[in-house]
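Written below as structure tokens is the structure these notes are about.
The values are calculated or read from the model by the stated rules, or taken from the named source; none is laboratory data. The shown structure was predicted, so the numbers you read here are calculated from the model rather than taken from an experiment. All Cβ positions, even for glycine, are placed from backbone atoms using ideal geometry, and neighbour counts span all protein chains on display.
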Amino acid sequence: MDILKNPTTVKLLASQIIVACDNYIALKMPEKQFRELITHYASQHGKKLFSKDGLNPTVAIRIGKKRAELVKVMLSGFQTRLYD
């Protein structure tokens, strides 16, 4: 299971989230590992993952509605930093 921890573009981030979601749904990745990966993306790559209205529209469109809901569930209770 090869998933990049530090994708360089928004499109690459979206593709890595797709791979992670599919592996989680297929029970190939434990929930703890999946949650850690999504929170890592949120904390380290927040500008790529989020926009002012929630998920970045490019990410949301590319990953689809069901995966976006899964990402939102995994990020429940997560708070981003205001300043870098």
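Conditions (1) of a type in the set (Val, Ile, Thr); (2) assigned to a helix (DSSP H, G or I); (3) surrounded by 13 or more Cβ atoms within 10 Å (Cβ to Cβ), marked per residue:
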| position | (1), (2), (3) |
| --- | --- |
| 6 | no, no, no |
| 16 | no, yes, yes |
| 19 | yes, yes, yes |
| 23 | no, yes, yes |
| 32 | no, yes, no |
| 37 | no, yes, yes |
| 43 | no, yes, yes |
| 60 | no, yes, yes |
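Of everything in region 70-84 that is surrounded by 12 or more Cβ atoms within 10 Å (Cβ to Cβ) and assigned to a helix (DSSP H, G or I), the residue that is nearest to the chain's Cα centre (by Cα) is 71. In this entry, residue 11 passes the filter for residues that are of a type in the set (D, E, K, R) and touching a residue at least 24 places away in the same chain (Cβ under 8 Å).
A Cβ distance below 9 Å, combined with a sequence gap of six or more or placement on separate chains, defines the contacts here; from region 40-64, residues that are within 14 Å of residue 74 (Cα to Cα) reach residues that are modelled with pLDDT of 90 or more and surrounded by fewer than 12 Cβ atoms within 10 Å (Cβ to Cβ) in the pairs 40/5; 40/6; 41/5.
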